[in-house]
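A short worksheet on the structure shown next.
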Amino acid sequence: MQTSNHRDSTVFSRRKRKGAALVEFSLVLPLFLLLAVAAIDVGRGIMVKHKLVEAARAGCRLYILKDEPTAEDVNEIVDRIMSDAGLQGYTVTLDPYPPGKIERLQPVTVSVSLPYANVSWLRGNWFFSQDTITGACVLPGDSG
């Protein structure tokens, strides 16, 4: 008789543990999913940052090497890189502007900025929704 009683309490104990595991899983799953989606979204932001730096570098190289650099030339190459990446809503900043005659070894900066809300897959008011991602390149002027 003691054996069957012991067996019944073991089965009951296993059921309690399975129930506790189910409750713990249901509490942890939403947090885990939130962290996984947030990590993917931040990873996308990092990927976009690399594209912005690539576009700024290409624009800056054109800006310092061309004899008569114009903002339109820089915007054209940045537009090409950004459209290949499927990114829109960015701004391009050139320094010095207007280009005029860039002195030899004068620092020339091209920056490409994009609001994080334009690239985030998470919609709504999240952590980085008000931030701006910027890629910049500074090179010495090379005219002559």
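Rule-based calculations on the coordinates, nothing more; no lab input. Bear in mind that the values here come from a model prediction, so they are computed numbers and not experimental data. Using ideal geometry, Cβ is built from the backbone for each residue, glycine included, and neighbour counts are taken over all protein chains shown.
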Legend entry - Label-point separation, Ala136 to Asn75 (7 Å along Cα→Cβ), nm: 2.2 nm
Inset, instruction - Assuming a ≥ b ≥ c are the square roots of the Cα gyration tensor eigenvalues, decide whether region 44-140 counts as rounded (a/c under 1.5), prolate (otherwise, with a/b larger than b/c) or oblate. - result: prolate
Inset, instruction - Please list, or write none, the aspartates and glutamates whose alpha carbon is within less than 19 Å of the alpha carbon of Lys51, excluding same-chain residues fewer than 8 places away. - result: Asp41, Asp73, Glu76, Asp79, Asp84, Asp131
Inset, instruction - Pull up the cross-link candidates among the aspartates and glutamates for Lys101, meaning alpha carbon to alpha carbon under 15 Å and not fewer than 8 places away within one chain. - result: Asp67, Glu68, Asp142
Inset, instruction - Quick one: compute the contact order of region 18-110, relative version, from alpha carbon pairs under 8 angstrom and 6+ residues apart, as a percent. - result: 26 percent
Inset, instruction - Just subtract the alpha-carbon distance of Ala38 and Glu24 from 0.36 nm times their residue separation and send over the number in nm, one decimal. - result: 2.9 nm
